[in-house]
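The values are calculated or read from the model by the stated rules, or taken from the named source; none is laboratory data. For clarity, every value in this text was computed on a predicted model and none was experimentally measured. Positions of Cβ are generated from backbone atoms using ideal geometry, with glycine treated the same way; all protein chains shown enter the neighbour counts. These accessible areas exclude ligands, DNA and RNA; they are computed on the full protein's heavy atoms, side chains included. Shrake-Rupley method; radii C 1.70, N 1.55, O 1.52, S 1.80 Å.
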Amino acid sequence: MASKSEVTNMRSKWMSFLVPALAVLVSLLIGAIIILAIGQNPIKAYGVMLKGAFGSRVAWADNITKMTSLLLTGLAVGFGFRAGVFNIGAEGQMAMGGIFAMIIGLNLGNVPPVIAIPLTILAGMLGGAFWASIAGWLKAQTGAHEVITTIMLNWIAYHLTNYLVSGPFTVGIGIPKSPEIAKSAQLPPLLTAQASTVPSGIIIAIAAAIVIYILLEKTTLGYEAKAVGFNPYAAEYGGISISKNIVLTMAISGALAGLAGALEVMCVHHRIFGAFTSDRGFDGITIALIGQNNPIGIIFSAFLISSLRAGSNSMQTVGVPDDIIVIVQGIIIFFVAADRIIKTWIIKASKLGKNKSSQTIKGGEEA
Amino acid sequence: MSEENIQETLKDYAVYMKNITKVFPKVVANDNVNFAVKKGEIHALIGENGAGKTTLMNQLYGLYKPTSGEIYVFDKKVDFKGPSDAIKAGIGMVHQHFMLVDNLTVAENVVLGSEPKKGILFDLKFAKKEVKELSERYGLKVDVDAKIEDIPVGMQQRVEIIKTLYRGADILILDEPTAVLTPQETNELFEILRALKNDGKTIIFISHKLKEVLEISDTITVMRLGKVTGTVKTSETNEKELANMMVGRNVVLSIERPPTTLGKSIVKVENIWVKDNRKLDAVKDLSFEIKEGEILGIAGVAGNGQTELAEALSGLRKIESGSYMFNGKEITNLSVREIRELGISHIPEDRQRRGLIPEFPVYFNLILSQHYKEPFANRGFLNFDEIKKYSHSLVKKFDVRPPDIYNLAGNLSGGNQQKVILAREIGSSPKFIIVSQPTRGLDVGAIEYVHKELINLRLNKGAVLLISMELEEILSLSDRILVMYEGRSMGEFENGELTIEEIGLMMAGKRIEEIKVLEKV
Amino acid sequence: MTWIQAIFTALASPLFYKLTILSALPLVFAGIGGVFSEITGVTNIALEGIMKLGGFVAAVFIFYTGNPWIGLLMGMIGGLVLAFLHAYVSIEWSANQIVSATALILIAQGTVGFLMKPIFGQEGQTDFLTKIPMIKIEPLKKVPFIGEIFGELSAFFYIAIGVIIFSWFLLYKTPLGLRMRAVGENPQAADTLGVNVKGIRYFGVLMSGVLAALGGMYIAIGDIGQFQELMPAGKGFIALAAMILGNWNPVGTMWAALLFGAADAMNIQLQTLMELPSETKALLNLLPFVLTIVVVGGFIGKTRAPAASGVPYEKE
């Protein structure tokens, strides 16, 4: 027997799928109108986008590569949201993860991969965790809002990367870049599709999503994080240390973003260069919000965004700048923030549907 | 008073609310209510929490629109779009929770929304002059230049009254105005109300305290469960009849407190000092002891350091100096978790903000503060079977309705939320419990229940620190009473030793020694 | 030149003070914009996006008309539109204001990126455009030191002075200002007195749009004379820090902006005075961001935010 509250819980679960799904659809529709406005054909543009995301093995490989880091930054932001912090700094934490992984990875030439790979991953996670903890510590100690501090830390990480690749770690000529990490610290590809490879990092990223799910739903650590996120006053009253939790949450969130950076270095570029994080950290916000901050939902929303990103490159070929996807993401977030607009639509639509069906039943009786 | 009567003599009435129904998404707050107030009278509107008094008045003040029904003010049918329409019609309201802007001054608060102007600029000088005039005319003492956050509650209430007068109110609605006042301040307020009445103002006085209503009003309307159960002349009724009309049954006005033998002294607080959020001393040099099986009541007007005291003793707030001993062990400034592990629990005064996580289901709320311990957790993993088993038994034992552990705590009624908190805090059989305002906002049935549980705990040798702004609650439950005023103890005495008037004097800042001297004289 | 020498040389030159004022200008505009929004109870962390869009729209209209004043007007309207979106969902739909503002930052960034090529035919940055003119005051120019600072400044400087005076008067000396401060502190109290809470919040947020757009436009068409996609490079968030440090007061925000401006000016001066390798210059660019973190971490709690800031107001 399902109790009443279980029914409402089910309804709210249905809503938490429907709201982001509708937000995505409406945003793509608005995107189509914008494409029309610059005189291009949206159907053609979206068609090319689909082809760019799924049309070939290379496309799939590119898509999955993007998804790896997006899934992790999405998890980073989503985990933060669940615990009541808005970690807008996944970008900088990812950069620090990459930097730490690079520095460790450079020096592991004589170490077998079984040791080198976990060490490099760990270094990346530590780098991200350290960077995020600064913001967490400031929030816990002084109440400094994490949105401002993490944005500032993003910029600092950005300039720091530029400094490292043009100074202490610079190599070669042309674009300032770091040397390649040792072979033993590079992650072997899962599959190879022509010139492109599917990185094995995706396995690690999906595993991370499952770990975070278990952490949130089945452990005392998750219980405490969620308690602080929902009602810090009650959590404190229940003997949960808020400052400890904020720092811990930021550290876990940062570790996930740092892992994204490490995998980007270990699987894809094998080195770092300026802005190698290419806005993945910001995309994490969209992904977390579409996935409703649920780790499993985030797997799917990361795939959605990686597909949009992978496909948008091809849209350039038909004269539609790939920034259209940034606009679409913005609109998605906008609707998720104002989810009441969409909920109102759903309620209106379901009422309309009910009226109609009751009318048809009436009609049937008369006949 | 039949309806035709009122229609015929409508011009004698300041307010006539006819067949008012107000439906909210989940409840019918007012069900076909008729309410009429004569010009120049003090009309009390009484009823339990949730009876629909405030909802009715919010419609008269234009904050809500009635679902159906008509409102007449001074013989004219009105249809208020918002409070500004009501203000124009001559209505002023003093809300239970003051509607004051903390960081603005008294004068600025009074004129907000109808500011005097000099050209395009705000004329502060003129505003101050106006406020001073009103203040002097009705004996409403205020400091026009002080910021609201720096003045005491009693003065804040006077600011609220001046606000309505400044807008030319002829009808004043006061929602539970005495809740925050000492008995003496209440008397002063009544003097002001009488002065206003003599000046021709009509006053609607919302309350649930029968004694006060009988003292100040001319007419009384009683509400229960959204309906009016009757309107009577004050001179023709009594406390018992009103209580019956309010609750719909004979209420036991006092609870039985069987005698117990006290155990050893278990809680010892010596000379503690605690600061409030603004870093000002809130608890000053306070000392007391509580024995096993004893209820120590802390009486006092809200805002005299009680909140900070409860928070300090439960580990939520730093004790600046002094000592806090439990079972002979120094526990000053231990963490909340360490304090709780000793068998100390806490019913917080703000159940929504502190006591519950509304977004968590009931079973998660029931283990809050024990969630990390065996059997609810094992090596960092939650044991859902044990949590649910424990929750089912508590929900049954404490009669939480609906008896559904999966329900979100935020969906429960106020009374059932408080039951969840009681179940959690008492269900763990504490040795010492700090209880703050345990019955605020509850109806009579729930209040009786809470009182019974506290008495049970006392019989089981628990030590109880009971903090309440309701003097009656303190008097009916406590073995000993300590009165707090501006963070200090005004003295401590056995329940029954002093009269209500004497306790009232202590709540207003007289020390017990001064009162005993008075007694001798 | 040693570091100490370079710092003192900088402090002794009028150029340092001029650069301080110029670097502070966008922060003054956007920071006071933040004050307008937050003092009525709506947080607006989208200043960064509004600045970007404002600068871009101004550049577009100057590109087509050649008239910087038309650009200025249209840029302000651009900021207004973006701020309206934030106001609408925050005020009417109780949206999460931080998330909604994040959305606007992305929308601004996407829109700018999307339109760069179709309009200017190139990505990254535009060609040089007609700037908002400089205002020369000849007699002032002749005064030593002072003249070198104030003798010839962008018209934006005078607009900023106007904005500071205007907003101070509006907030503290007019009935509207009193209502704005009340609405941000206790909207329910204001509502019960018949104050139009929604209307005042719209006004506050829309003003923040106009002012932040001015800040973005100064960077593009007041200072460099070119729009770059990277603009305003975090200045929108530093402006928020200036607002906090300035205790949500327009004059306080100005002083805070000048402090951040001085950090920027010192950075520029040191880079030119000392012959530094390029990577050290990259490291010096960190300064303003580190300073912001220190300020936000050090001063929060010592200043007082409007109590209802960020909290949607709903009756019932």
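Below, the figures for the structure above:
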{"quantity": "Residue C:138 being within 13 Å of chain A (Cβ to nearest Cβ) and among the charged types (D, E, K, R)", "calculated": "no"}
{"quantity": "Single match in B:471, B:459, B:475 (criterion: surrounded by fewer than 24 Cβ atoms within 10 Å (Cβ to Cβ) and more than 19 Å from the chain's Cα centre (by Cα))", "calculated": "B:459"}
{"quantity": "Matching residues in the stretch B:365-383 - criterion: being facing chain A (nearest Cβ under 8 Å), outside any loop (DSSP other than H, G, I, E, B) and open to solvent by 10 Å² or more (accessible area, probe 1.4 Å)", "calculated": "B:381, B:382"}
{"quantity": "From the options C:199, C:194, residue that is outside any helix (DSSP H, G or I), within 14 Å of chain B (Cβ to nearest Cβ) and either open to solvent by 10 Å² or more (accessible area, probe 1.4 Å) or within 28 Å of residue A:146 (Cβ to Cβ) (or both)", "calculated": "C:194"}
{"quantity": "Flag for residue B:14 being under 22 Å from the mean Cα position of the chain (by Cα), open to solvent by less than 10 Å² (accessible area, probe 1.4 Å) and within 26 Å of residue B:162 (Cβ to Cβ)", "calculated": "no"}
{"quantity": "Failed condition for residue B:72, given (1) surrounded by 22 or more Cβ atoms within 10 Å (Cβ to Cβ); (2) more than 7 Å from every other protein chain (Cβ to nearest Cβ); (3) not in a helix (DSSP H, G or I)", "calculated": "(1)"}
{"quantity": "Candidate set from the stretch C:249-268 (those that are closer than 20 Å to residue C:169 by Cα and surrounded by fewer than 22 Cβ atoms within 10 Å (Cβ to Cβ)); member that is farthest from the other protein chains (Cβ to nearest Cβ)", "calculated": "C:255"}
{"quantity": "Of all residues making up the stretch B:352-363, the number that are in a helix (DSSP H, G or I) and open to solvent by 10 Å² or more (accessible area, probe 1.4 Å)", "calculated": "4"}
{"quantity": "Residue A:79 more than 23 Å from residue C:280 (Cα to Cα), within 12 Å of chain C (Cβ to nearest Cβ) and either within 18 Å of the chain's Cα centre (by Cα) or not in a loop (DSSP other than H, G, I, E, B) (or both)", "calculated": "no"}
{"quantity": "Criterion violated by residue B:77 - all others in (1) within 14 Å of chain C (Cβ to nearest Cβ); (2) part of a strand (DSSP E or B); (3) farther than 28 Å from residue B:237 by Cα satisfied", "calculated": "(1)"}
{"quantity": "Residue satisfying all of: in the stretch B:384-406; at the interface with another protein chain (Cβ under 10 Å from one of its Cβ atoms) and open to solvent by 20 Å² or more (accessible area, probe 1.4 Å); farthest from residue B:369 (Cα to Cα) among these", "calculated": "B:402"}
{"quantity": "Where a residue in the stretch C:179-192 is modelled with pLDDT of 90 or more and its partner, wherever it lies, is among the acidic types (Asp, Glu), with Cβ under 9 Å and at least six apart", "calculated": "C:179/B:115; C:181/B:108; C:182/B:108; C:183/C:191; C:184/C:38; C:185/B:102; C:186/B:102"}
{"quantity": "Qualifying residue in the stretch C:87-103 (condition: within 28 Å of residue A:318 (Cβ to Cβ), modelled with pLDDT of 90 or more and within 12 Å of chain A (Cβ to nearest Cβ))", "calculated": "yes"}
{"quantity": "Sole exception among (1) open to solvent by less than 10 Å² (accessible area, probe 1.4 Å); (2) more than 30 Å from residue B:108 (Cα to Cα); (3) not in a loop (DSSP other than H, G, I, E, B) for residue C:205, by number", "calculated": "(2)"}
{"quantity": "Residue match in the stretch B:317-325 (condition: within 26 Å of residue B:459 (Cα to Cα) and not hydrophobic (A, V, I, L, M, F, W, C))", "calculated": "yes"}
{"quantity": "Sole residue being open to solvent by 50 Å² or more (accessible area, probe 1.4 Å) and at the interface with another protein chain (Cβ under 9 Å from one of its Cβ atoms), chosen from A:149, A:170, A:142", "calculated": "A:170"}
{"quantity": "Test: residue C:230 is part of a helix (DSSP H, G or I), closer than 28 Å to residue C:102 by Cα and either open to solvent by 40 Å² or more (accessible area, probe 1.4 Å) or facing chain A (nearest Cβ under 10 Å) (or both)", "calculated": "no"}
{"quantity": "Meets criteria (at negative phi and modelled with pLDDT of 90 or more) for residue B:140", "calculated": "no"}
{"quantity": "Conditions (1) away from chain A (no Cβ under 11 Å); (2) open to solvent by less than 10 Å² (accessible area, probe 1.4 Å); number of the one not met by residue B:415", "calculated": "(2)"}
{"quantity": "Any hit, the stretch B:92-105, residues being within 14 Å of another protein chain (Cβ to nearest Cβ), farther than 23 Å from residue C:179 by Cβ, within 18 Å of the chain's Cα centre (by Cα) and surrounded by fewer than 17 Cβ atoms within 10 Å (Cβ to Cβ)", "calculated": "yes"}
{"quantity": "The one condition in (1) open to solvent by 50 Å² or more (accessible area, probe 1.4 Å); (2) over 19 Å from residue B:356 (Cα atoms) that residue A:201 fails to fulfil", "calculated": "(1)"}
{"quantity": "Qualifying helices (runs of 4 or more DSSP H) (wholly inside the stretch C:1-83; at least 1 residues being modelled with pLDDT of 95 or more and open to solvent by less than 60 Å² (accessible area, probe 1.4 Å))", "calculated": "C:14-39, C:47-65"}
{"quantity": "Of residues in the stretch C:160-176 being part of a helix (DSSP H, G or I) and within 7 Å of chain B (Cβ to nearest Cβ), the one nearest to residue C:215 (Cα to Cα)", "calculated": "C:173"}
{"quantity": "Some residue of the stretch A:287-296 being under 19 Å from residue A:62 (Cβ atoms) and not in a loop (DSSP other than H, G, I, E, B)", "calculated": "yes"}
{"quantity": "Pair list, Cβ under 8 Å, 6 or more apart: the stretch C:143-163 residue acidic (Asp, Glu), other residue not in a helix (DSSP H, G or I)", "calculated": "C:152/C:134; C:152/C:135; C:152/C:136; C:152/C:137"}
{"quantity": "Test: residue B:347 is of a type in the set (A, V, I, L, M), surrounded by 24 or more Cβ atoms within 10 Å (Cβ to Cβ), within 11 Å of chain A (Cβ to nearest Cβ) and under 27 Å from residue B:470 (Cβ atoms)", "calculated": "yes"}
{"quantity": "Test: residue C:59 is touching a residue at least 24 places away in the same chain (Cβ under 8 Å), within 17 Å of residue C:132 (Cβ to Cβ), touching a Ser or Thr at 6+ places or on another chain (Cβ under 9 Å) and small (Gly, Ala, Ser)", "calculated": "yes"}
{"quantity": "Members of the stretch A:175-186 that are over 18 Å from residue A:117 (Cβ atoms) and open to solvent by 70 Å² or more (accessible area, probe 1.4 Å)", "calculated": "A:175"}
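For every residue, the table says whether it meets (1) surrounded by 20 or more Cβ atoms within 10 Å (Cβ to Cβ); (2) within 14 Å of chain B (Cβ to nearest Cβ).
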site: A:188; (1), (2): no, no
site: A:226; (1), (2): yes, yes
site: A:253; (1), (2): yes, no
site: A:259; (1), (2): yes, no
